[in-house]
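Engineer: Take a look at this one; I'll ask things after.
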Amino acid sequence: MFEPRVGDHGPAARLADDQAAAHALAPRPDDTPFVNLRDPARALGPDGRPAVSRRAPIWADVPDERWNDWRWQLSNRVNTLEEVGRVLNLTDDERAGLSTPDKFRVDVTPYFISLIDPDDPNDPIRRQVIPTDCEHQAFTAMMEDSLAEDRHSPVPGLVHRYPDRVLMLVTTQCASYCRYCTRSRIVGDAGQNFNRHDIEAQLDYLRRTPQVRDVLLSGGDALTLNPKLLESVLRSLREIPHIEIIRIGSRVPVFLPQRIDDELCEMLAKYHPLWVNLHFNHPDEITPEVSRACDKMTRAGIPLGNQSVLLAGINDCVHIMKALVHKLVENRVRPYYIYQCDLVEGSGHFRTPVGKGLEIIEGLRGHTSGYAVPTYVVDAPGGGGKIPVMPNYLISFSDHKVVLRNYEGYITTYEEPVQYTPHEQANCRYCQHPRSEPGQGGVAGLLQGDRLWIEPADFEQTHRRGNLAPHRLQDPSKWVPYGVGPIEGQAGRPLPGIEPGPNGRTPEDAAGALGGAREHEETARIAREPKFDYAPGEEPRPREGEPTGWSHGELL
């Protein structure tokens, strides 16, 4: 993929490691400057110059100063069947994908397409940017706007889904285009690009919305913007007093590391606190050029994170992911998220089961450094936001003991403290701040037994994918957990002559819960005798194998 460098596996890498060890042990004068050969940004090629990645033969004669010019890279992207075919030996599926008139936009920088093995149709970089005929196959639950961003957009290009942070789309253009793109409905379409009027409307909304403290710039890719326009956006955001954090989500350092030059980093550093989240999916994407780009950003004081997407045939392997996170940490990039692939049109062949993501997290946690383990999340369809998906390390807990297991399957118990003084909210200045977000305090109600679910105010009207008329089965009074008693509504009204006990249970029910053969027989007899006049949807949970319930005469 690229010239040997420290940290790679194989004979050349072992030779480089041996050279580094010999260099470290060799006697030298005290005034000899130390050279950190482990730093990937300082990797050298066989000629003693900074290491470089492979360049496709058709660009062999391009001078280095042009090849390393990000503007030249953007101007010479390949996008047609003929252009791609001059670099790669295409398969029939790829030819069909590139020939489709209504395909999602194709553009690949000369740098990035040069990393692809021209003879390997399963090359992980190739599959991310070269279309195939599979993109036009429909799949279950496929959606155009799978995250309901348009529905959470108060002004064009601004997505306000979470209480204190927004997504600000400033362009629809990217350096190259991922085939699984969540925003393929707008990304790549120059006719849908955001102009200065749209960006000013977004900024005006932010000025009028003081609860927003965190702004994520995305698109498209914000780092493809004209440098003056990008700085104008950053300056305008910094002039809003309540905006604390600015983030940029970008794949430019992956597709176009030449863009990360000293001038850009000096400009970004003026608008701290500023974070950048990158998007690496496979260790082959981390080249010497990428390492130097990351080094420039971190030296400018910019914290770097990474958000991968779990993709079938590309990184759905714990060993690939482990190699990726190790390379990321080596380049001072914190693995942040692994996303489950969204239900967006054209991405069906990239999707994996959720169990695969759990398997990968299981294979990372405990087997490598904690800061190298990302959070596995599903971005909930319909605009539900990011939901972490974690392996079950907490088996059970009570008021005095917690049962846990570790990454090896070792199960242990952890004793809870006998005496614990609860946090005094009345004396805490942070607790005095009003919490306007719905559901934030719902966990306390859950633990106190006030209810068995957490549901924000006006949930039916605002969170049911736009369905303003609640379905009859969405009525909470219809769902009464067995053995708990009525929560809302009139579930479990006793018939005449039957005196219910606590939680709506009769004395016979309590006796039947004692266990043993006689009690089980009595419980079964009581179960056969109707004791309550249940309304539709209020009957207790049936025994295993029986129908799950009835409502208005319809079997659920």
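The values are calculated or read from the model by the stated rules, or taken from the named source; none is laboratory data. Here the structure is a predicted model, which means the values were calculated and not measured. Glycine gets a Cβ as well: all are built from the backbone with ideal geometry, and neighbour counts include every protein chain shown.
Engineer: Give R213, R235, R247 a once-over and let me know the one that is buried (at least 16 other Cβ atoms within 10 Å of the Cβ), at pLDDT 95 or above and in the same structural domain as P335 (by TED's automatic domain parsing).
Structural biologist: The match here is R247.
Engineer: Looking at F280, F255, which is the one that is among the aromatic types (F, W, Y) and touching a Ser or Thr at 6+ places or on another chain (Cβ under 6 Å)?
Structural biologist: F255
Engineer: Among what's in region 147-161 and is touching a helix residue (DSSP H, G or I) at 6+ places or on another chain (Cβ under 9 Å) and in contact (Cβ under 8 Å) with a residue 24 or more places away in the chain, pick the residue that is surrounded by the fewest Cβ atoms within 10 Å (Cβ to Cβ).
Structural biologist: The selected residue is P154.
Engineer: Moving on to the next point. Go through A444, A426 for me and flag whichever is at pLDDT 75 or above and in a helix (DSSP H, G or I).
Structural biologist: A426
Engineer: Would it be correct to say that A222 is farther than 28 Å from G313 by Cα, touching a residue at least 12 places away in the same chain (Cβ under 8 Å) and not aromatic (F, W, Y)?
Structural biologist: Yes.
Engineer: For region 67-146, list the helices (runs of 4 or more DSSP H) that sit wholly inside it and hold at least 3 residues that are touching a helix residue (DSSP H, G or I) at 6+ places or on another chain (Cβ under 9 Å) and in contact (Cβ under 8 Å) with a residue 40 or more places away in the chain; which are they?
Structural biologist: Counting at least 3 such residues, we get 70-75, 110-114, 124-129.
Engineer: State whether one or more residues within region 175-182 are closer than 17 Å to L237 by Cβ and assigned to a loop (DSSP other than H, G, I, E, B).
Structural biologist: no
Engineer: From V187, V233, V252, which residue is over 25 Å from D342 (Cβ atoms) and in contact (Cβ under 8 Å) with a residue 60 or more places away in the chain?
Structural biologist: V233
Engineer: What number of residues in region 172-181 are out of contact with any helix residue (DSSP H, G or I) (no Cβ under 6 Å at 6 or more places or on another chain) and free of Cβ contacts under 8 Å to residues at least 60 places away in the same chain?
Structural biologist: 0
Engineer: Evaluate region 129-146: report whether one residue or more is within 20 Å of the chain's Cα centre (by Cα), at pLDDT 90 or above and not assigned by TED's automatic domain parsing to the domain that holds E200.
Structural biologist: So far as region 129-146 goes, yes, one or more of its residues are within 20 Å of the chain's Cα centre (by Cα), at pLDDT 90 or above and not assigned by TED's automatic domain parsing to the domain that holds E200.
Engineer: Let me ask you something else. Among the listed residues L203, L225, which satisfies the condition of being more than 30 Å from D39 (Cβ to Cβ) and in contact with a helix residue (DSSP H, G or I) (Cβ under 6 Å, 6 or more places away or on another chain)?
Structural biologist: L203 is the lone residue from the list that is more than 30 Å from D39 (Cβ to Cβ) and in contact with a helix residue (DSSP H, G or I) (Cβ under 6 Å, 6 or more places away or on another chain).
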